[in-house]
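A quick write-up on the structure given underneath.
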Amino acid sequence: MDNEKLLDVKNLTISFHTYVGEVAAVRNVDFYLKKSEVLAIVGESGSGKSVSTQAILGLTPIPPGEIKSGKILFKHEDLLKFDEKEMSKICGSQISMIFQDPMTSLNPTMKVGNQIREVLHQHSDISRRESRERAIELMTLVRIPEPEMRIDQYPHELSGGMRQRVMITIAMANRPDILIADEPTTALDVTIQSQIFRLLKELRTKFDTAIILITHDFGVVAGIADRIVVMYAGKVMEEDETDQIYYEPRHPYTVGLLKAVPSLADNEEEKLRTIDGTPPFLLKIPSGCPFADRCEYAMRICKEKEPQYFQSKDSSRVFCWLYHDQADGQLQRFKDREGRLR
Amino acid sequence: MNNHKQQLFTPLDRSEKAGPILETETIAFWSDVWRRFRSNKPALIGIIILVLFVIFAIIGPSMVSYQYDKVDLLSTYEKPSSEHWFGTDALGRDIWCRIWVGARVSLFIAIVSALSQMVIGIIIGSISGLSGGKVDMIIMRFVDILIAIPFLIWVSLFMMVLGPGMLSIILAFSLTQWKGMARLVRGEVLRLKETEFAIAAKTMGASTWRLIRKHIFPNVLPLVIVSATFQVTNAIFGEAFLSYIGLGIQPPMTSWGRLVASGIAEMRSFSYMLFFPAVFISLTMLSLQLIGDGLRDATDPKMRQ
Amino acid sequence: MVRYILNRVLVAILTMFVLATATFFLLRLVPGDPFAGPKVVPEVKERLRIHYGLDKPLAEQYLIYMGNILRGDFGYSLAKRGHRVNKVIKDAFPASLDLGIRAMIIAIIFGIFFGIIAALNRGKPLDYLTVILVLIGISVPSFVVAALLQYFFGVYLKILPVARYESFWHTLLPAFALSLGTMAVLARYMRASMLEVMTADYIKTAKAKGLRNTQIVIRHQIRNALFPILTILGPAIAMVLTGSFIIESIFAIPGLGRHYVLAMQNLDYTLVMGLTLFFGFFLIVMNLLVDFTYGIIDPRVRYTRN
């Protein structure tokens, strides 16, 4: 089993030291990624999804950040133990990343072509002419029209969708094993969104690249993800295969997120809903379940004790007291009320 | 799985849950500013130095039995001693005494001209921002022209017309230095004019004056205060510059600028004559800079959590 | 872009016109008599007034003056009898320009260097040291610094000439003294600019590409941090120019700044006017140049103006 795991994040805890105190952004998070699969990490902003994935590439700003514990095993080696030189060999070549806002994640004063070629030169010994040809080739692959012209343009001369394609070109340039896509379409139009996702799927098939897709929007993951990890307040709330999560969400938080997706709630009675309240401020971590105050099915114990993970299959776990043996009654209520979703 | 009291598994009542945290924690703005300003040690040191200087400017001259303009030809160029704490100058006048009389003049000029620039700037900036259109354009063009030429040139020209003296200096600064403040206030007024609360207040029939007083003024105030602090620095330097080139304060009255100027003239033989005024003027500029930086950081919305 | 340039040039011309008019009328208001002196008899004074055209009505004087300016003629100096203002400018400008350029070069190189060093060592002793030096550079008036430098290196150590402007060694002290304030301002801006760029998303991208920290700093951070610095070059030039008034006086350099100060003391208002307009013209042209260069170099600006 373990052999299949390309990336295995174990017990990751990351804090940020701010002037008001220590903020626990990620707490004992585990997830893994198998070869060429797509894992979606879903959660609201501040859930720790970006922080935990940025740690994989060593992008956590230290200070103020601090990685308090954990391991990030990539091909059985702990990336957290790598020094700058070793990391720079991995980044951009074996693991790469694209970010939310293609407007700001490209250097505004550098031609896009040079930004693509930079990552080629960094990881292989090729001539300037070869890198230019290769860059045009790659740009064609991600369907940037007129790559020969675009290559000498600056980011602001491209549309948002084109810029994100440039970012994808950079990320895929060295055919990485893993692509981390941090909200890759949040800043884009809906029509462009689907194009980008189609492109990502295509590239994944072509290059056999495993993808970690980070998003706050359950609507976008259905068509692309194999497995889903739901995060909240720096914790993994639920983890399961995509179909399982869609048809039988087990955590009330997951249910809340699913209800917020327009297409899943388009029947008349079930109107689009948001989850009441705000996520806890991670300066003072609540003693019980972090979701308890917003949870419709919260029980006394939820406020007092942190739940454990209740495992059903290898690939499935949920961080919720409802699945404790003694919570049968409340679980039944949950199932009755939320059954309509299935 | 460990066993828990079954009672723990009863549903939680809505009232037992914590309500959503409202983000608008209404710590009053100025107490928040003060809290952050207080934790800024350099700025606090700046305040202490300035307060000390002001106190000494008031009581300093009367701490010794000399007059700032009393010529004593029997004790010229005396080095600092227990008689004359900072020594005496070419005419035997006590430098300690002259420094603090000079401080009165320099600080008075700086503070009054900064205040009057502030008032002029706020008035012109608000008129420009509130009226918009042609008036705004003409005023801003005028500001552009004022900005194109360094203020020391403008001030020097005005000083030639007005003649030397304290009032002239204040007038020259006030007439030429309101431009930055006006720009700042105008920008802020334009921004605030578009914000929801201003529109809401307007639609609810608030008068323009009330709008300025209740909504726009409190919002511009932090920026204006920070900018005014830096204007005081400019005025201190400007006064020194004018006095140095001979267009400033005229003898027997003195100012820090004049003291530095005569110190430079006598520097080779009597370096203490430059040392004391130079230190005081530099410390004042430094303190103002530190206070200005501290205020800017403390009032900067970006720095607020 | 062409429209933008035309617009800027028009505003520049308008500024010059307003400046000329303002200085003309301001200086006609100056109390005191430029021909005053115990030995000057009234008839001579009257002749001088006629000679300099001061007997004509103000409007006529203004038109004549403006006409002359358009032809590039600033008239005669009042205090230095027989000296044309143009000649004074021609003789004194080279020294001032030389000094100014030296000071700007020193200020730019060291200012940017210190700014980078401070930003890269943020929160460490080197950063604090730079910040303190910057504060001192801003707080201590230039004439104090100049006088101290002159005293220390020229009088006390006797390793550099005290005054005048004749050889390379003569240029060192005044150029350095003149550069300090600007250097401090540039260092401060560069530091802030570096820190701002440091948090930009594209720096994260560069890291995710596998670039080493030094590569990121050189290729992305410094490069991008330098662009905003260009925008304050205009004010920096103005700062050096006004700084030269005092530095030239202290080091007895026969430049425009020294003439300007002397002219103000002598109430030589044709010379003051001529020099004011010359300075104004110089700064406005410099500002235009800086602006256009910025537009050409920075692709973002280039784009938005098209």
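The values are calculated or read from the model by the stated rules, or taken from the named source; none is laboratory data. Only a predicted model underlies this, so the values are computations on that prediction, with no experimental measurement involved. All Cβ positions, glycine included, derive from the backbone under ideal geometry; neighbour counts span all protein chains shown. All accessible areas refer to the heavy atoms of the entire protein, side chains included, with ligands and DNA or RNA removed. Shrake-Rupley method; radii C 1.70, N 1.55, O 1.52, S 1.80 Å.
DSSP H helices in chain C with Cα extent of 15 Å or more along the helix axis and mean Kyte-Doolittle hydropathy at least -0.5? It would help to have the intermediate numbers written out before the result.
Working: long enough: C:2-28 (39 Å, 1.63); C:58-70 (18 Å, 0.82); C:85-120 (49 Å, 1.61); C:125-139 (21 Å, 1.92); C:168-198 (41 Å, 0.98); C:233-250 (25 Å, 1.66); C:269-297 (41 Å, 1.86).
Qualifying helices: C:2-28, C:58-70, C:85-120, C:125-139, C:168-198, C:233-250, C:269-297.
What accessible area, in Å² to the nearest ten, does a 1.4 Å probe give for A:M97?
A:M97 exposes around 10 Å² with every protein chain in place.
Which whole-Hz ³J(HN,Hα) couplings does the range A:57-65 yield from phi under the Karplus relation 6.51 cos²θ - 1.76 cosθ + 1.60, θ = phi - 60°, glycine and proline marked x?
For the range A:57-65, the Karplus-derived couplings read 8, x, 8, 5, x, 10, x, x, x Hz, x marking Gly and Pro.
About the Cα centre of the protein assembly as shown, how large is the charge dipole given +1 on each Lys and Arg Cβ and -1 on each Asp and Glu Cβ? Please answer in debye to the nearest 20.
1800
Can you give the calculated 222 nm mean residue ellipticity of the protein assembly as shown, where each DSSP H run of n ≥ 4 adds -39,500 (n - 2.57) and the sum is split over every residue, rounded to the nearest 500 deg cm²/dmol?
Details: 37 runs with 532 residues, N = 953.
Result for the protein assembly as shown: -18000 deg cm²/dmol, rounded to the nearest 500.
Cα gyration tensor of chain C, axes a ≥ b ≥ c as square roots of the eigenvalues: rounded (a/c below 1.5), prolate (a/b > b/c) or oblate?
oblate
Given Cα pairs under 8 Å that are at least 6 residues apart, what percent is the relative contact order of chain A?
The value is 19 percent.
Could you tell me what percent of the DSSP beta bridges with both partners in the protein assembly as shown are antiparallel, to the nearest 5?
Numbers: 35 of 54 bridges.
Just about 65 percent of them are antiparallel.
With point charges of +1 on the Cβ of Lys and Arg and -1 on the Cβ of Asp and Glu, referenced to the Cα centre of the range B:87-298, which listed residue (B:A265, B:I212, B:T176) lies farthest in the positive direction of the dipole?
The Cα lying farthest towards the positive end belongs to B:I212.
Given the pairs A:K35/A:K75; B:K134/B:K179; A:K10/A:K335; A:K34/A:K335; A:K35/A:K206, which are separated by over 21 angstrom at their Cα positions? Numbers along the way, then the final one.
On the way: A:K35/A:K75 10 Å; B:K134/B:K179 18 Å; A:K10/A:K335 31 Å; A:K34/A:K335 31 Å; A:K35/A:K206 13 Å.
Check vs 21 Å cut-off fails for A:K10/A:K335; A:K34/A:K335.
Applying the Karplus parametrisation 6.51 cos²θ - 1.76 cosθ + 1.60 with θ = phi - 60° to the phi angles of the range B:136-144, what ³J(HN,Hα) value in whole Hz is obtained for each residue in order, glycine and proline being reported as x?
4, 5, 5, 4, 5, 4, 4, 4, 4
What does the charge count near B:Y272 come to, summing +1 for each Lys or Arg and -1 for each Asp or Glu among other residues with Cβ under 13 Å from its Cβ?
In short, -1.
Just to confirm, what accessible area per residue do you get for the range B:220-285 at 1.4 Å probe, in whole Å²?
29
Among the lysines, select those whose C-alpha is under 17 Å from the C-alpha of C:K204, and discard any that sit fewer than 8 residues away in the same chain.
A:K49, A:K85, A:K89
Using only the Cα atoms of the range A:142-222, build the gyration tensor, take square roots of its eigenvalues as a ≥ b ≥ c, and label the shape rounded, prolate or oblate: rounded if a/c is under 1.5, else prolate if a/b is larger than b/c, else oblate.
Here the range A:142-222 falls in the oblate category.
Which FRET efficiency, nearest 0.05, do A:D336 and C:L195 yield, Cβ-Cβ r, R0 60 Å? If you can, show how the numbers build up before the last one.
On the way: r = 56 Å, r/R0 = 0.93.
The calculated FRET efficiency here is 0.60.
Can you compute 3J(HN,Hα) from phi for each residue in the range B:108-122, using the Karplus curve 6.51 cos²θ - 1.76 cosθ + 1.60 with θ = phi - 60°, rounded to whole Hz and x for Gly and Pro?
Each residue's phi maps through the Karplus curve to give 4, 4, 4, 6, 5, 6, 5, 5, 6, 4, 4, 4, 4, x, 5 Hz.
What is the distance in Å between the Cα centroid of the range B:225-254 and that of the range B:81-158?
Centre-to-centre distance over Cα atoms comes out at 6 Å.
Which residue, A:V166, A:V119, A:V230, has the most motion in a Gaussian network model of chain A that connects Cα atoms within less than 10 Å?
Evaluated over chain A, the most mobile residue of the options is A:V119.
With a/c under 1.5 counting as rounded, go ahead and sort the range B:87-298 into rounded, prolate or oblate using the C-alpha gyration tensor (a ≥ b ≥ c being the square roots of the eigenvalues; past the cut-off, prolate if a/b is larger than b/c, else oblate). Numbers along the way, then the final one.
Working: a/c = 3.27, a/b = 2.26, b/c = 1.45.
Cα axes put the range B:87-298 in the prolate bin.
Could you compute the net charge surrounding A:G70? Neighbours are other residues with a C-beta less than 14 Å from the C-beta of A:G70; K and R count +1, D and E count -1.
That sum, taken over residues with Cβ under 14 Å, equals +2.
Compute a Gaussian network model of chain A, connecting alpha carbons closer than 10 Å, and tell me which residue from A:E183, A:E238, A:E148 fluctuates the most.
Fluctuation is largest for A:E148.
Please check: in the Gaussian network model of chain A (C-alpha springs, under 10 Å), which one of A:M87, A:M167, A:M231 has the largest mean-square fluctuation.
A:M87
In what sequence, largest accessible area first, do B:W100, C:W169 appear using a 1.4 Å probe? Before the final figure, lay out each step's value.
Values: B:W100 5, C:W169 145 Å².
I get C:W169, B:W100, largest accessible area first.
Just want the answer: with Cβ charges of +1 for Lys and Arg and -1 for Asp and Glu, which residue in A:G223, C:G67, A:I180 is farthest toward the dipole's positive end in the protein assembly as shown?
C:G67
Which net charge results for the neighbourhood of A:H216, defined as the other residues with beta-carbon distances under 13 angstrom from its beta-carbon, given Lys and Arg at +1 and Asp and Glu at -1?
Once all neighbours under 13 Å are counted, the net charge is -3.
Report the charge-dipole magnitude of the range C:87-259 in Debye, nearest 20, computed about the Cα centre from +1 at each Lys and Arg Cβ and -1 at each Asp and Glu Cβ.
Values: 16 positive and 7 negative charges, 117 e Å.
Dipole size: approximately 560 debye.
Could you work out how far helix A:328-338 tilts from the main Cα principal axis of chain A, as a 0 to 90 degree angle to the nearest 10?
50
Over what distance in Å are the Cα centres of the range A:161-212 and the range A:50-68 separated?
Computed from Cα coordinates, the inter-centre distance equals 22 Å.
Would you mind working out the magnitude of the charge dipole of the range B:87-298 relative to its Cα centre, with +1 at each Lys and Arg C-beta and -1 at each Asp and Glu C-beta, to the nearest 20 Debye?
It comes to approximately 540 debye.
Using a probe radius of 1.4 Å on protein heavy atoms only, what is the accessible area buried between chains A and C, both sides summed, to the nearest 100 Å²?
It comes to approximately 2300 Å² buried between A and C.
Roughly how many Å is it from the Cα centre of the range C:157-230 to that of the range A:297-336, as a whole number?
59
Can you give me the relative contact order of the range C:87-259 as a percent, contacts being Cα pairs under 8 Å and 6 or more apart?
35
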